[in-house]
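Down below is the structure, laid out as structure tokens.
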Amino acid sequence: MSSYQKFLQVGLALDPVHVGTGGTRLGRVDLTIVRDPVTQLPKIPGSSLAGVYRAYVAMHYEEQRSPNFPNRNKPFYPDCAGLGLDEEHGHCRQPDCPVCTVFGFARGAGREGGFAGLAAFTDANVLLFPVPTRRGPMWVTSPMSLEMIGLKISGVSDNAVYLESNTENKLNLGWLLLDTERCTQMEAIRNFLNQLSIPDYILNHLAIVPDRLLAHIVNSNLEVRTSVSINPETGAAEEKALFSYEALPRGAVLYWGVIAKNPQHFSINGQNITAVSNPNGVYDVVKQAHAFFPYLGVGGMGTRGMGRIQVLYENTPISETTANCASENPSTNSENFSTEEGNNEQSS
């Protein structure tokens, strides 16, 4: 049996999403969001996702504790969520606990016997980014972003925006005014993305730009809000407490990965793990959190209307595909782009 299994998640931001850097800095806004140090594109760190997943999975199993775990007295939530170092109210650290086995636990500084967990999380990166244009909202992406989910795009090289239909007019992506080029295989690209359950209103407004332009477009069109702290005694605005913060806008499409390890290759305190039996079982535990994402959200500023995400796709990655925007043969159906292997079946 395989030592691990990879799973792909694609999510749609229902609200702006703010995952901050943890402090203020000089610049356009006071509270900036996390960015990839190489591409300078905003992202949600895997560590942030892991914490959110753990808390929501613990909530799910706490709701199911009475009917499904009648012999368990220790609560899943909050005990098996969070830091968990308290001996009375911390992690249970048992091989039959779906939370502690999948997400791991610690014993504390200088103490042995911790467990890293059976699930690992990648960063959540931008796949499709909404930008205002004079044609209305367009969802912008680039070849590198698409390649990360298995769609290899060629033929995107000019300082232009590639659309399904070309016009002689330039198109503004926010403040940036670009020439337009026709991507002859846009329908093939749309068919691939349709397999990820991305809504039609997004797929019908796709725009592809070279990799070197994407970060400029994204960072110039983030949502920026201004807030002020309130004095609890007077109920009025606190003096010199005005601050601004940025966020990924509502409508952004993100992708991230979950790597599920094989529990048969691990043990806890010399005991076999019984909570899950294979990588698919590990992922079945992880994805219980997805039902909480559209309501409790991810990141900060949750009480200010931020953070909710709808998970659109939760399965193994789609088979790798290629498309050429500069091809002289326009695509008319999904058969006009090449697939290296057949589509993966739905995981159990």
Which residue fluctuates most in the GNM of the chain (Cα springs below 10 Å): ASN71, ASN280, ASN221? ASN71
So for R0 = 35 Å, FRET eff. of THR21-ASN71 from the Cβ-Cβ r, to 0.05, ends up at 0.20
Could you pull out the pairs from LYS43/LYS74; LYS74/LYS287; LYS43/LYS287; LYS261/LYS287; LYS43/LYS170; LYS43/LYS261 whose alpha carbons sit more than 26 Å apart here? LYS43/LYS74; LYS43/LYS170
What percent antiparallel are the DSSP beta bridges of region 130-221, to the nearest 5? 45
One point scatterer per Cα, no solvent, Debye formula: log10 I(q)/I(0) for region 1-158 at q = 0.10, 0.14, 0.18, 0.19 Å⁻¹ comes out as -0.56, -0.93, -1.20, -1.25
Working only with C-alpha atoms, what are the Rg and Dmax values of the chain, expressed in angstrom? 22.7, 71
Charge tally in the Cβ shell below 13 Å around ILE189, where Lys, Arg are +1 and Asp, Glu are -1, ILE189 excluded: 0
When the charge dipole of region 130-221 is computed with +1 at the Cβ of Lys and Arg and -1 at the Cβ of Asp and Glu, the Cα pointing farthest to the positive end, of ASN191, SER220, ILE149, is that of SER220
From fewest to most C-beta neighbours within 10 Å, the residues LEU8, LEU41, LEU254 line up as LEU41, LEU8, LEU254
Assuming 1.306 mPa s and 10 °C, estimate D for region 67-158 with Stokes-Einstein, Rh taken as the Kirkwood radius over Cα pairs, in µm²/s. 91
Before anything else, pin down the relative contact order of region 130-221: Cα pairs under 8 Å, at least 6 apart, normalised by residue count, whole percent. 38
Over the residues of region 130-221, compute the C-alpha Rg and express it relative to 2.2 N^0.38 Å. 0.99
With a sphere of radius 12 Å drawn around the Cβ of SER157, what net charge do the other residues whose Cβ falls strictly inside it have (Lys, Arg +1; Asp, Glu -1)? -2
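Coordinate-derived values only; no laboratory data. Please read all numbers here as calculations on a predicted model, not as lab measurements. Heads up, the Cβs are rebuilt from the backbone with ideal geometry, glycines too, and the neighbour counts pull from every protein chain shown.
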